[in-house]
Amino acid sequence: MLSELSKLKEGEPLHQKMRIAGKLVGNERRIEVLNPYSGKLVGTIPKATVGDIRDAFRIARQFKSPLTRYDRSKIMLRASEILRANTDAISDLITAESGLCKKDSLYEVGRACDVFVFAANQALVDDGQVFSCDLTPHGKQRKVYTMKEPLLGAISAITPFNHPLNQVAHKVAPSIATNNRMVLKPTEKTPFSALLLADILYEAGLPPEMFSVVTGDPKEIADEMLTNADVDLVTFTGGVPIGKYIAGKAVYKRQVLELGGNDPIIVMEDADIEEAATLAVSGSYKNSGQRCTAIKRMIVHQAVADEFVKKLVAKTRAIKFGDPMDPNNDMGTVIDERAAIEFEAKVKDAERHGARLLYGNIRAGALYSPTVLDHVPADCKLVAEETFGPVSPVIRCTDIADAIRISNSTPYGLSSSVCTNRMDYITRFVRELEVGSVNVREVPGYRLELTPFGGIKDSGLGYKEGVLEAMKSFSNTKTYSLPWN
Ligand code: NAD
């Protein structure tokens, strides 16, 4: 598919097939993918049948990978090189299918390269442990050893639209690093990056049985992805409703669920307000506000709220948004018009509940302006629910206890940002915020692709992603013991 990407520039649609163990599989039943900015056809993908899904999992389960640690590392380094060498063309594809601006899609390709480099390095690290057994009065002259093994069955992976390439990289790289076999279903909204990544991995030398990409209508095939007998683990990134559906459906399968967020930036009275406003803007609008860890609430101490809001509005005005292909723009569209209409309605609802709209809430199709509101009541829909778009709602708070109470008041618990230099505040935030991560003077989304990442409460089951943790989830630990004098 890499060689076909030039078609995009000529406005010619990509008609793609699934990659089932390296074979191109497709049928007459197609799903159209439209460019959210231009409304033009980006291309079409097949609607898999349940039989296609079964084939993919059967092949995956039966395949036993012969790859050494060195082989796996080499394949992933090669994949990262191919990605890097084709950064611009791949970012064009992401931009076409998602409406994310070029700045965002270029950044995303770089992140995916990092994922493969980290996973390549990690594949080389032996993760076994050794326990001497002569530690207690009833001990023995033995040692217990641990080793990690790939799962017996296949991994079923399901990904969302907001990072069409990097979400897929975060599933497949740890799977390769641990010698597993994965069948991935990308979202039907942005399926092309996943199909392209499969080709790149095959070109880099991955045995095709180790990674299949299937596409289709979730109403027809999602249940098979969750219940197929050849599946041992379901790894899902997406919204809470589907995550909870999976939790109930994928019975007696290991589940890694990375769900929605409602992350705050908390700005205390001692904070550097210029820095806080800069973080707020980048955390709120990057990726058109469509990151699970985007800043979705700004909880600001009342003593500095006026100054913060003034800077926030000024910095928001400076955000250039429009044609996603324009390299100077900071923001493209959101995923589709339906999402943009939803943000517009939620902002109007917040205004009805007393919030003051200071900037934005302007929509044209799927193009939605960055938007700032002040005096937002903490319980209105705009902030009580996840608003997955470029909206900056300021909620004023009175002190640290109030900030923590407001932050913890939603069902979500993904990440957070706190702007303060006071050590007593920092230690309290780290202890009392009900989240998976606390970033002091950084955006909630800050992390390495390697480091543990994930949420609690409705944001996830507490199992983390990030290359290292995903490798743990994707492995069985086997112990064996030997006599040892
Ligand atoms: P979504 O939940 O609507 O869809 C995600 C995936 O689930 C898609 O591939 C979709 O086809 C599939 N799906 C649909 N019905 C299904 C079913 N019945 N069973 C199984 N799968 C089904 O999410 P989205 O709108 O694509 O993405 C946005 C959401 O993802 C936001 O809530 C965001 O916060 C979340 N997200 C979370 C993380 C994280 O790491 N915690 C990262 C990125 C995005």
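Before moving on, here are some points about what is shown:
- When each of E469, E449 is tested for being within 30 Å of C133 (Cα to Cα), within 16 Å of the ligand (Cβ to nearest atom) and touching a Gly at 6+ places or on another chain (Cβ under 9 Å), the lone residue that passes is E469.
- The single residue among E258, E209 that is touching a residue at least 12 places away in the same chain (Cβ under 8 Å) and within 10 Å of the ligand (Cβ to nearest atom) turns out to be E258.
- L152 vs. criteria open to solvent by 40 Å² or more (accessible area, probe 1.4 Å), closer than 30 Å to D217 by Cα, away from the ligand (no atom under 16 Å from the Cβ) and of a type outside the set (D, E, K, R): yes
- Test for K348: is it open to solvent by 50 Å² or more (accessible area, probe 1.4 Å) and within 23 Å of T278 (Cβ to Cβ): no
- Candidate set from segment 430-452 (those that are assigned to a loop (DSSP other than H, G, I, E, B) and of a type in the set (G, A, S)); member that is surrounded by the most Cβ atoms within 10 Å (Cβ to Cβ): G436
- Taking the criterion of being of a type in the set (A, V, I, L, M) and more than 10 Å from the ligand (Cβ to nearest atom), the residues of segment 242-255 that qualify are A247, V251.
- Selection status of P208, out of contact with any helix residue (DSSP H, G or I) (no Cβ under 8 Å at 6 or more places or on another chain), at pLDDT 95 or above and open to solvent by 10 Å² or more (accessible area, probe 1.4 Å): no
- Pair list, Cβ < 9 Å and 6+ apart or interchain, from segment 76-92 residues that are free of Cβ contacts under 8 Å to residues at least 12 places away in the same chain to residues that are outside any helix (DSSP H, G or I) and of a type in the set (D, E, K, R): none
- Where a residue in segment 421-441 is under 13 Å from A403 (Cβ atoms) and its partner, wherever it lies, is hydrophobic (A, V, I, L, M, F, W, C) and outside any helix (DSSP H, G or I), with Cβ under 6 Å and at least six apart: Y425/M268; I426/V440; F429/V418; F429/V438
- With respect to (1) within 16 Å of the ligand (Cβ to nearest atom); (2) at pLDDT 95 or above; (3) charged (D, E, K, R), the lone exception for D402 is condition (1).
- From the list T278, T293, the one residue that fits, being polar (S, T, N, Q), in a helix (DSSP H, G or I) and either modelled with pLDDT of 95 or more or buried (at least 22 other Cβ atoms within 10 Å of the Cβ) (or both), is T278.
- Any hit, segment 99-111, residues being open to solvent by 20 Å² or more (accessible area, probe 1.4 Å) and outside any helix (DSSP H, G or I): no
- Among the residues here, F118 does not qualify as open to solvent by 20 Å² or more (accessible area, probe 1.4 Å) and within 16 Å of the ligand (Cβ to nearest atom).
- Just one residue in the set A157, A177, A194, A173 is buried (at least 24 other Cβ atoms within 10 Å of the Cβ), touching a residue at least 40 places away in the same chain (Cβ under 8 Å) and within 14 Å of the ligand (Cβ to nearest atom); that residue is A157.
- Tally of residues being open to solvent by less than 100 Å² (accessible area, probe 1.4 Å) and either under 11 Å from A198 (Cβ atoms) or not small (G, A, S) (or both) across segment 6-15: 5
- Unmet criterion (only one of (1) in contact with a Ser or Thr (Cβ under 7 Å, 6 or more places away or on another chain); (2) near the ligand (Cβ under 10 Å from one of its atoms); (3) of a type outside the set (D, E)) for A280: (2)
- Screening the candidates I221, I200 for the property of being among the aliphatic types (A, V, I, L, M), in contact (Cβ under 8 Å) with a residue 24 or more places away in the chain and either in a loop (DSSP other than H, G, I, E, B) or away from the ligand (no atom under 14 Å from the Cβ) (or both) yields one hit, I200.
- Of D232, D306, all but one fail to be more than 20 Å from K171 (Cα to Cα) and either at pLDDT below 95 or open to solvent by 10 Å² or more (accessible area, probe 1.4 Å) (or both); the exception is D306.
- Qualifying positions in segment 225-241 - within 10 Å of the ligand (Cβ to nearest atom) and either among the small types (G, A, S) or in contact (Cβ under 8 Å) with a residue 60 or more places away in the chain (or both): M225, L226, V234, F236, T237, G238, G239, V240
- Of all residues assigned to segment 16-29, none qualifies as being touching a His at 6+ places or on another chain (Cβ under 7 Å) and either surrounded by 15 or more Cβ atoms within 10 Å (Cβ to Cβ) or outside any strand (DSSP E or B) (or both).
The values are calculated or read from the model by the stated rules, or taken from the named source; none is laboratory data. Note that the structure is a prediction, hence the values are computed from the model and not measured. FYI the Cβ positions are ideal-geometry reconstructions off the backbone, even for glycines, and counts take in every protein chain you see. Ligands, DNA and RNA are excluded from the accessible area calculation, which covers all protein heavy atoms including side chains. Shrake-Rupley method; radii C 1.70, N 1.55, O 1.52, S 1.80 Å.
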